[in-house]
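First up is the structure itself, then whatever we jot down about it.
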Amino acid sequence: MTEEKQGTKVVAKLKHTGAVTVPSLFTLGNMACGFFSILAAAKGNFAQAGWLILFAMVFDMFDGRMARLLGTESNFGIEMDSLADAVSFCTAPAMLMYFFVLHTQPTWGGPIACVYACFGVLRLAKFNAMAYAGEGSKKYFSGLPTPAAAGILASFAISYSIMEGTAGGRNIHLLTDYLPHIYNFVWFAMLVLSLLMVSNVPYAAFKAKREKAHSPWFLLFVVFLVVMLIKYPQDVVFIVFSLYVIVGILAVLVRAFRKITVEK
């Protein structure tokens, strides 16, 4: 092999290594946010812990996109992403809710947090198994994605902390009225989210490319959503992901009702 070919091979290898490193840095950022969220929750800084989980979601959104953009998708990246998600979207939310709410119930508070973390990891393992078997879909997830479940719990902790005055920010007034009631049923919400993560309920993936032009009403809604996100970020995250969960359940119920009606 000539020196020129060897040089070209080395340069190509370095470029590939750099391309692989970029998505990995986003994945590590995701995991780091989850780790520090656990530390913050243990110290009683619940709003900070919640924000760190939401920041982890931002890192998680970009690592896969960067890998596809650079053409460096690999099994290594899939496994690393799942390990980071296990920390940020399974363990961190479970620990946050335990220190925030569930610790007041010594008998079943810990087990509920453990169930949430374990079911989240099962969801990630199921996703990987389906990906390797080529059974994944770009249109739908099978079961509730772990970031969506984590986003609900993290944003609730932030909103509640703001309501109590232990964190800076502002809440949507209408939502504030319901936060104390939601607080009393956090344990139930965590069990529901746990079951949905390991279920086969289809949830929109928003990965498929859409060439259809959006209507002015849709664009107006997006602008409104962005404005609200700037003013009340934690509340918007809580509402959007809660609606995401509810719509998935309603869609299954509607399909089941139609099936029963047709059979009759």
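Output the residues belonging to the stretch 95-142 that are small (Gly, Ala, Ser), in contact (Cβ under 8 Å) with a residue 60 or more places away in the chain, surrounded by 15 or more Cβ atoms within 10 Å (Cβ to Cβ) and farther than 23 Å from residue 182 by Cα.
Matches in the stretch 95-142: 142 only.
From 177, 235, grab the single residue that is among the acidic types (Asp, Glu) and in contact with a Ser or Thr (Cβ under 9 Å, 6 or more places away or on another chain).
235
Can you work out which of the residues in the stretch 33-47 that are surrounded by fewer than 19 Cβ atoms within 10 Å (Cβ to Cβ) and in contact (Cβ under 8 Å) with a residue 24 or more places away in the chain is nearest to residue 82 (Cα to Cα)?
Per the criteria, the residue is 35.
Is it true that residue 29 is loosely packed, with under 12 Cβ neighbours inside 10 Å, modelled with pLDDT of 90 or more, out of contact with any strand residue (DSSP E or B) (no Cβ under 6 Å at 6 or more places or on another chain) and within 30 Å of residue 160 (Cα to Cα)?
So residue 29 fails the test.
Can you tell me which residues in the stretch 215-260 are exposed (fewer than 11 other Cβ atoms within 10 Å of the Cβ) and either outside any helix (DSSP H, G or I) or among the hydroxyl-bearing types (Ser, Thr, Tyr) (or both)?
215 - this is the single residue of the stretch 215-260 that is exposed (fewer than 11 other Cβ atoms within 10 Å of the Cβ) and either outside any helix (DSSP H, G or I) or among the hydroxyl-bearing types (Ser, Thr, Tyr) (or both).
Just a yes or no: is a residue in the stretch 202-214 in a helix (DSSP H, G or I), within 25 Å of residue 51 (Cβ to Cβ) and touching a Phe, Trp or Tyr at 6+ places or on another chain (Cβ under 8 Å)? Can you show your working first?
Residues of the stretch 202-214 in a helix (DSSP H, G or I): none.
No: the stretch 202-214 contains no residue that is in a helix (DSSP H, G or I), within 25 Å of residue 51 (Cβ to Cβ) and touching a Phe, Trp or Tyr at 6+ places or on another chain (Cβ under 8 Å).
Determine the pairs where a residue that is of a type in the set (Lys, Arg), located within the stretch 161-177, has a partner that is surrounded by fewer than 18 Cβ atoms within 10 Å (Cβ to Cβ) with Cβ atoms under 8 Å apart, the partner being 6 or more residues away or on another chain.
So the pair list comes out as 170/231.
If you go through the stretch 141-175 one residue at a time, how many are within 15 Å of residue 233 (Cβ to Cβ) and hydroxyl-bearing (Ser, Thr, Tyr)?
4
Give me the pairs, please: first residue somewhere in the stretch 48-77 and more than 9 Å from residue 26 (Cβ to Cβ) and of a type outside the set (Val, Ile, Thr), second residue anywhere and modelled with pLDDT under 75 and in a helix (DSSP H, G or I), beta-carbon distance under 6 Å, and either six or more positions apart or on two chains.
Partner pairs satisfying both residue conditions: 70/19; 73/67; 77/67.
The values are calculated or read from the model by the stated rules, or taken from the named source; none is laboratory data. What you see is a predicted model; the values in this text were computed from it and never measured. We place every Cβ from the backbone using ideal geometry, glycine too, and count neighbours over all the protein chains shown.
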